[in-house]
1. Take the residues in region 92-119 that are surrounded by 11 or more Cβ atoms within 10 Å (Cβ to Cβ) and of a type in the set (A, V, I, L, M, F, W, C), then tell me which one is farthest from the chain's Cα centre (by Cα).
2. Given the criterion in contact (Cβ under 8 Å) with a residue 60 or more places away in the chain and hydroxyl-bearing (S, T, Y), identify the matching residue among S38, S71.
3. What's the number of the condition A74 fails, among (1) assigned to a loop (DSSP other than H, G, I, E, B); (2) surrounded by 12 or more Cβ atoms within 10 Å (Cβ to Cβ); (3) hydrophobic (A, V, I, L, M, F, W, C)?
Amino acid sequence: MNMKLLLSAAVISLFALAGCNRHETPKETQHDVAEAQSEANQQVAEASKDATEEVQDEKQDVNEEQRDVASESAQGNYDVAVAKAEGEHKVAIEKCEAMTGPDREACKDRADETLQQTKAQARDLRDTAKP
């Protein structure tokens, strides 16, 4: 049994080796070369398409990050402007406290109005700066 198996393996190996030494015809070689070139071109096209898509995705991510930064910057500027306006308002109100009667009320009204105007300006700047 082992001898038959060994003999069969030897015969199969001889046929396989005989097939490896067989020369291709020029037509077969030309066909194989054309097929290999076509496959290579297709792989290059797919790789180029994939690379382009990846670059576009990254550009989109960068654009989104830039919008986020612009938005955060606008909000930060607004917060600073409001904090400054509120601080100035407190100082103005304290100065008004030194006055009496209608002057005092007029002073406070001006301070309140200035605060509201400053906040509105800051809000407008923030909203126009946000993408």
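Nothing in this text is a laboratory measurement; each read-out follows from the coordinates by a stated rule. Given the structure is predicted, the values throughout are model-derived calculations rather than measurements. Heads up, the Cβs are rebuilt from the backbone with ideal geometry, glycines too, and the neighbour counts pull from every protein chain shown.
1. Across region 92-119, the extreme among qualifying residues is M99.
2. S71
3. For A74, the exception is condition (1).
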